Ligand code: FPP
């Protein structure tokens with residue numbers, strides 16, 4: 001089985017999954033968090049080199065105070081635990097999104113984790129936190145405008161690759177395969193620039209139940225498509 005180089009996942013359905021079990025939403029997030037730990041091991045074993053997950057959007061701050069508070073507690077615990085996971089999998093971890101929106105201690109944990117894992121290269125794991133693609137593009141455009149204003153960049157020299165260099169995903173190859181769990185079929189402001197040529201896969205399975213078997217099933221589908229079209233990356237703009 002040929003595996004995609006870069007898999008992106010929109011983690012969705014924690015709340016509905018918990019509700020279906022008569023449990024609070026927080027229980028769904030806790031189980032979703034646990035699943036994130038095991039999926040990294042699975043990705044590594046399957047030989048996938050890049051994994052990017054959408055864990056907290058710029059919109060998610062609008063959820064109830066209790067839910068946002070619980071998610072921050074989960075992030076705090078996870079960011080610490082992730083040091084061990086990164087070591088185990090020789091995995092480099094980067095956070096994409098606007099980190100300045102988080103409390104100082106969370107920003108410090110992010111910095112520690114990124115620094116600790118920066119030389120690992122067997123798996124590259126990006127976690128989108130306080131992330132919105134339009135916000136990422138806005139921040140990138142601001143930086144480009146500053147360069148132009150400072151006379152360091154000419155407007156006519158702005159290429160597609162210049163824009164890529166000013167996004168949070170700078171240096172990370174675009175995803176080959178996007179998975180969204182739990183039935184919704186939309187992008188919800190995730191990696192709009194980077195997903196231009198990506199294959200999409202939507203499943204009814206909620207994130208806390210999306211284990212290795214489901215991942216393999218998704219990759220098999222990716223393989224079928226890849227065989228049918230002779231490689232998604234060779235397609236032109238009209239494909
Ligand atoms: C989507 O389910 C999930 C989230 C908005 C939060 C994702 C968080 C985790 C998986 C927890 C762990 C993450 C990290 C980085 C530690 P939902 O609440 O939107 O579910 P619903 O659509 O069924 O309500």
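The values are calculated or read from the model by the stated rules, or taken from the named source; none is laboratory data. In this text, all values refer to a predicted model and were calculated from it rather than measured experimentally. With ideal geometry, Cβ positions are generated from the backbone for all residues, glycine too; neighbour counts draw on all protein chains shown.
Search region 192-208 for residues that are over 21 Å from residue 13 (Cβ atoms) and part of a loop (DSSP other than H, G, I, E, B) and pair each with any residue that is away from the ligand (no atom under 12 Å from the Cβ) and at pLDDT below 95 when their beta-carbon atoms are under 8 Å apart and the residues are at least 6 apart or on different chains.
Pairs found: 197/232; 197/233; 197/235.
Go over the candidates 107, 111, 146 one by one and state the one that is surrounded by fewer than 20 Cβ atoms within 10 Å (Cβ to Cβ), without any contact (Cβ under 8 Å) to a residue 24 or more places away in the chain and within 18 Å of residue 58 (Cα to Cα).
Matching residue, one of 107, 111, 146: 107.
Which residue is farthest from the chain's Cα centre (by Cα), if the candidates are limited to region 43-53 and must be more than 8 Å from the ligand (Cβ to nearest atom) and surrounded by 18 or more Cβ atoms within 10 Å (Cβ to Cβ)?
The selected residue is 44.
Residues 17, 61: which one is within 23 Å of residue 190 (Cβ to Cβ), near the ligand (Cβ under 10 Å from one of its atoms) and assigned to a helix (DSSP H, G or I)?
17
Determine if region 154-163 includes at least one residue that is more than 24 Å from residue 60 (Cα to Cα), surrounded by 11 or more Cβ atoms within 10 Å (Cβ to Cβ) and touching a residue at least 24 places away in the same chain (Cβ under 8 Å).
Among the residues of region 154-163, at least one is more than 24 Å from residue 60 (Cα to Cα), surrounded by 11 or more Cβ atoms within 10 Å (Cβ to Cβ) and touching a residue at least 24 places away in the same chain (Cβ under 8 Å), which makes the answer yes.
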